[in-house]
Amino acid sequence: MPFIKIYIHLVWATKNRTPLLTKEIRHKVFRHMKEYGESKSIHVDSVNGYLEHVHLLVSLNSDQNIATIVNLIKGESSHWINKNNLTTSNFGWQDEYFAVSVSRSHIERVRNYIFRQEEHHSLKNWSDEYDEFITKYGFEKG
């Protein structure tokens, strides 16, 4: 049996970055994402976000890959949001997402960052955070 401990910080936004994740629904959505992940043997360590995006810290198993996990969680959560009429318009996620590895020594810092999203976004908007991720992790804008 392999012993694997790989943590990935995932971030993605709502379609067109529309601020649909109001305070009234986002905690339901994030709880559902965690529960759904667990039902699919996806260890969702932490999940939180703000009006137009979500952050997850996940731990990969030996038979999992990032693209499959993201597609499963994004697809099922948008379906669940629409099925339960949680938003007044059709809900969807953007196709793009961020995925970066997290070293064991930084896990607690990433957890705290994820849990403090509301406080964080009182100081910085999503557009600035997005640009910061692009620069910090050396991604190229498409």
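The values are calculated or read from the model by the stated rules, or taken from the named source; none is laboratory data. As the structure is a prediction and not an experimental result, all values here were calculated from the model. Cβ sites come from the backbone with ideal geometry, for glycine too, and all protein chains shown count toward neighbours.
Structure above, values below:
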{"read-out": "Filter result for the condition that a residue is surrounded by fewer than 19 Cβ atoms within 10 Å (Cβ to Cβ), polar (S, T, N, Q) and in a loop (DSSP other than H, G, I, E, B), over Thr68, Thr88", "value": "Thr88"}
{"read-out": "Residue count, the stretch 66-107 (criterion: over 14 Å from the mean Cα position of the chain (by Cα) and among the small types (Gly, Ala, Ser))", "value": "3"}
{"read-out": "Some residue of the stretch 108-118 being within 17 Å of the chain's Cα centre (by Cα) and at pLDDT below 90", "value": "yes"}
{"read-out": "Matching entry among Ser78, Ser59, Ser46 (being assigned to a helix (DSSP H, G or I), surrounded by 13 or more Cβ atoms within 10 Å (Cβ to Cβ) and either of a type in the set (Ser, Thr, Tyr) or in contact with a Gly (Cβ under 6 Å, 6 or more places away or on another chain) (or both))", "value": "Ser78"}
